[in-house]
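Please read the structure below before turning to the comments.
What follows draws every value from the coordinates through simple rules; no lab data is involved. All values reported here derive from a predicted model rather than from experimental measurement. We place every Cβ from the backbone using ideal geometry, glycine too, and count neighbours over all the protein chains shown.
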Amino acid sequence: MLRVPLLIAISLAIAFGGGIWSTLLALEATIGFGAIKLGAWEAFPQAQTVDADPYAKSHRANAGKLLFGTAEGLTFTAAVDESGARLHGNCTYRMSGHTPPARLWTLFTNDANGRPPSESAELPAALNSRTVLRGANGDFSVEISASAQPGNWLAVAPHQNFRLVLTLFDTPTAGSSGLIDLSMPKVEKIGCGDA
């Protein structure tokens with residue numbers, strides 16, 4: 001007598017729970033469609049426009065972040081190095097080259113949840129185009145490591161994966177349809193552990 005209502009209640013709980021879980025998983029999986037990949041770097045230029053797909057709009061609403069307009073800026077992220085291996089705090093990386101043209105750019109790291117992995121105020125957690133040391137031809141090299149490095153150094157927390165976030169402000173790149181022709185800085189692994 002109670003068997004049928006109980007089975008219906010269990011079925012509904014599984015259906016609603018599974019639907020909510022799969023929706024949350026889809027929102028965390030990607031920012032949306034239309035990703036541009038340039039080496040290790042990835043950007044979603046349409047995610048910040050009125051033409052964004054429903055997943056991008058939901059991701060933006062769920063994150064509660066204020067995003068840039070098309071002409072204001074473009075954010076690139078790198079979760080892997082040039083060989084395709086995940087970026088990890090136990091390794092040392094070198095980011096070198098040039099950025100696409102921009103009035104200003106910023107570089108910082110975060111973990112999978114978008115939080116800065118390094119909580120120490122004494123360590124350099126971010127760099128920008130005004131403070132980075134450059135070579136004679138305008139290129140730059142940034143060492144990304146948990147231990148101190150000479151020159152441009154970006155500190156990361158050991159024992160966890162991280163992502164690089166490079167944001168270009170006031171850039172013609174954001175409104176350009178020729179994103180594929182751009183060159184981004186290379187992210188190369190120098191070594192891991194005590195090696």
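Points to keep in mind about this one:
- When peptides 4-13, 91-100, 77-86 are ranked by their average number of other Cβ atoms within 10 Å per residue, the highest-first order is 91-100, 77-86, 4-13.
- Amide H contacts of Val156 (H built 1.01 Å from N, under 5 Å, at least 5 apart or other chain): Ser145, Ala146
- Highest to lowest packing among 107-114, 133-140, scored as the average C-beta count within 10 Å: 107-114, 133-140
- Summed residue charge, Cβ within 10 Å of Leu104's Cβ, Lys/Arg positive, Asp/Glu negative: +1
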